Structure formats: C-alpha cells, structure tokens
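Peer 1: The structure is given below, and queries will be raised subsequently.
The values are calculated or read from the model by the stated rules, or taken from the named source; none is laboratory data. A quick note: this is a predicted structure, and the numbers were derived from the prediction, not measured. Cβ placement follows ideal geometry from the backbone for every residue including glycine, while neighbour counts extend to all protein chains displayed.
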Amino acid sequence: MTEAQLLATRAEVFGSLFVLVQRLSRRADRELADLGLTTRQWLLLAVLANGFPGSSPSLSEAAEKYGSSRQNVKQVALGLQAQGFVRLVPDPADGRTTRVQLTERIREFDEPEMRRRTQVMFDDVFGGLTPTETRELLEHLRRWLAALTTLRQE
C-alpha cells in the first residue's frame with residue numbers, strides 16, 4: 001500500500017467511525033428511552049460496573065476510563081443521580097474527592113426483559129459479523145484503545 005493509499009484508507013476509517021457512532025447511538029438511545037437514559041449515561045454506567053467492580057471510583061478515575069474530562073463525567077453522573085442510578089458522595093478520607101457509587105437500580109439491566117432486548121439489539125448491530133470476526137474486532141479495538149490512551153493529552 002502506498003503512503004497516499006494508506007492516508008486515504010485511514011481517512012475513510014476515521015470518518016466511518018463517526019458515522020458508526022452516530023448510528024449506534026441512535027439505535028441504543030431507542031432501547032434506553034424507556035429507562036430515561038442516553039447512550040452517554042449508559043456508557044458511564046457500563047464503565048462504572050465493569051471498570052470498577054465492587055468499588056466506587058473518584059470522578060477523575062471514572063473520567064479516565066470513560067475517555068472524557070472530569071467535568072463532563074460529573075455532568076453525566078448528575079443526570080444519573082437524578083434518576084437514581086448513582087450517588088455522588090464525598091470520599092471519607094479526602095472530602096475534596098467525589099466518588100461515584102452505583103445504586104441498586106443498576107440491577108434493572110439484569111432483568112429478563114432487558115437482557116432479551118439487549119440480545120436483540122446486539123444481534124441487529126453485529127449481524128453482519130461472524131462470531132470470529134466479532135472477537136477479532138474486539139481484539140483490534142482493545143489494542144487501538146490502549147495505544148490511544150498513551151498519546152499525549154492536549
């Protein structure tokens with residue numbers, strides 16, 4: 001592949017990712033509407049539940065895994081707190097630090113109907129990929145995200 005072809009390929013992949021995010025967000029927003037959640041709120045819940053199992057991260061720790069600023073995560077978390085999914089609490093050892101605690105409401109995602117709807121959505125979203133391609137995609141994404149987290153933050 002020539003340098004010009006590589007540049008064109010990267011440009012197409014880059015643009016396609018934003019189109020993909022738009023389409024995935026619209027699809028997920030429809031599924032989450034009856035819970036009163038947005039895709040961004042769902043993502044923060046997923047980051048908290050999967051990235052910090054059994055613990056309550058600080059806003060800064062959550063922001064790092066979420067891939068956004070502390071201020072942005074705080075705004076998303078405030079919306080989730082208003083709906084009863086999380087609590088923002090001061091750290092008992094350092095009152096300047098705010099921790100994000102999941103509440104029991106997170107269990108709504110484990111209910112049979114929600115699990116069924118999630119399965120249907122994932123079947124739709126990943127229907128064009130084989131199980132092997134899906135696993136390979138995950139491996140590529142993990143490697144790419146790891147490389148992106150080492151980039152300079154400006």
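Peer 1: So Val47 clears everything in (1) touching a Leu at 6+ places or on another chain (Cβ under 6 Å); (2) under 28 Å from Val19 (Cβ atoms) except one condition, right? Which one?
Peer 2: Against the list (1) touching a Leu at 6+ places or on another chain (Cβ under 6 Å); (2) under 28 Å from Val19 (Cβ atoms), Val47 comes up short only on (1).
Peer 1: Scanning segment 71-119 for residues that are touching a strand residue (DSSP E or B) at 6+ places or on another chain (Cβ under 6 Å) and of a type in the set (D, E, K, R), which turns out surrounded by the fewest Cβ atoms within 10 Å (Cβ to Cβ)?
Peer 2: Asp91
Peer 1: Here's something else I'd like to know. Tally the residues that are aromatic (Phe, Trp, Tyr) and within 21 Å of Gly95 (Cβ to Cβ), restricting the search to segment 47-70.
Peer 2: 1
Peer 1: Inspect segment 39-51 for any residue being over 16 Å from the mean Cα position of the chain (by Cα) and either at pLDDT 95 or above or outside any loop (DSSP other than H, G, I, E, B) (or both) and give the result as yes or no.
Peer 2: no
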